[in-house]
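This report refers to the structure that appears directly beneath it.
The values are calculated or read from the model by the stated rules, or taken from the named source; none is laboratory data. What you see is a predicted model, and the numbers here were worked out from it, not measured in a lab. Positions of Cβ are generated from backbone atoms using ideal geometry, with glycine treated the same way; all protein chains shown enter the neighbour counts.
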Amino acid sequence: MNENELNHVLQPAVDLYRPLLLTHKEDLKAFISSYLGRAALFIITCTSVLSVLLIFLFVAREALPFFRKSGLIEFFTSTGWYPQHETPEFGMLALIAGSAYVTVTAMIISVPVGILAAVFISDIVSFRIRTFIKPIIEILAAIPSVAYGFFAVLVLAPWMQKSLGFSTGTNALNASLILSVMALPTIVSMAEDSISAVGRNLREASYALGATRMETILTVIIPAARSGIIAAVVLGIMRAVGETMVVWMASGNASQIPHPWWDLSQSVRTMTATIAGDMGETVKGSDHYQALFAVGLLLLVLNFFLNTVSGYFLASANPFRAKSRERSSGK
């Protein structure tokens, strides 16, 4: 190795010719740059928060005149949603029940499947198979909701009528099945991340005590990851509650509460589908227009509550956030 190559190899990683002490101009320039950078980030953050607040205020402003006219009791207890009648009815109870039917049924299907899939990916299959399966599951989230809706109407609905003998294929069960598939990527991905974050030490300690893999999963891993799993379930619920196109196309859009209550073969109408279906046909400032904003306000409040719950459990699932929260509370 000649002298030039040696000098090139032994080139210092730090510029030794740069002075350790900054001049007053350089110090002021660094301070201004740091201040401007923090100010720009603060403005961007405030813009996001302000946008959410403005949306909330806009929806609340359009909805409050309806509550002054009709009142909260009639709005939440009436089952009829008939805005085109001579005497219009704007009852939310049937819409709330329809949203609850499809969401709860979808969660009954997707939560066990999602948690089992997360455990299978994180603790049973090899790393090579995991890197192949997980992206395929996450691809389900990239499929447009209108494609799910077409599948529900053109494939699932005729099959239900022919094979199950339902009077209509667009019903609560149809919408619930599609919503369960749409919620799976969120539940599987977040639950798998929480289970993988439990750590190898707990697994090895359980195996050292003589526990089998099944006992370790059921009594150690899942309880240790319960906060993250609950957060995944809550986000799955938010995914199902906020979905519009699928329930609009697959639920039947009948403003009724199924009777008997367990009959999922009957058509229902959800809150999101009502807004999507009616907003384009309303006159601005009419009772119908304000009633739709009242439905939207209820959805905003519900999603805000669910988001707060999921944020709490996500913070609990992160040990560093949990420790910092305990320090801040003085524990």
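Observations
- Of residues in segment 98-157 being of a type in the set (Lys, Arg) and surrounded by 13 or more Cβ atoms within 10 Å (Cβ to Cβ), the one farthest from Thr216 (Cα to Cα): Lys134
- Candidate set from segment 209-252 (those that are in a loop (DSSP other than H, G, I, E, B) and of a type in the set (Gly, Ala, Ser)); member that is nearest to Met182 (Cα to Cα): Ser251
- Residues (among the charged types (D, E, K, R) and either over 30 Å from Val220 (Cβ atoms) or outside the structural domain of Glu243 (by TED's automatic domain parsing) (or both)) located in segment 158-200: Lys162
- Test: residue in segment 198-211 that is under 26 Å from the mean Cα position of the chain (by Cα) and closer than 20 Å to Asn171 by Cβ: no
- Only one of Ser206, Ser255, Ser194 that is assigned to a helix (DSSP H, G or I), in contact (Cβ under 8 Å) with a residue 60 or more places away in the chain, at negative phi and crowded, with 18+ Cβ neighbours inside 10 Å: Ser194
- Residues that are assigned to a helix (DSSP H, G or I), surrounded by fewer than 17 Cβ atoms within 10 Å (Cβ to Cβ) and not small (Gly, Ala, Ser) within segment 158-191 comprise Pro158, Trp159, Gln161, Lys162, listed in sequence order.
- Scanning segment 53-81 for residues that are at pLDDT below 90 and β-branched (Val, Ile, Thr) returns Ile73, Thr77, Thr79.
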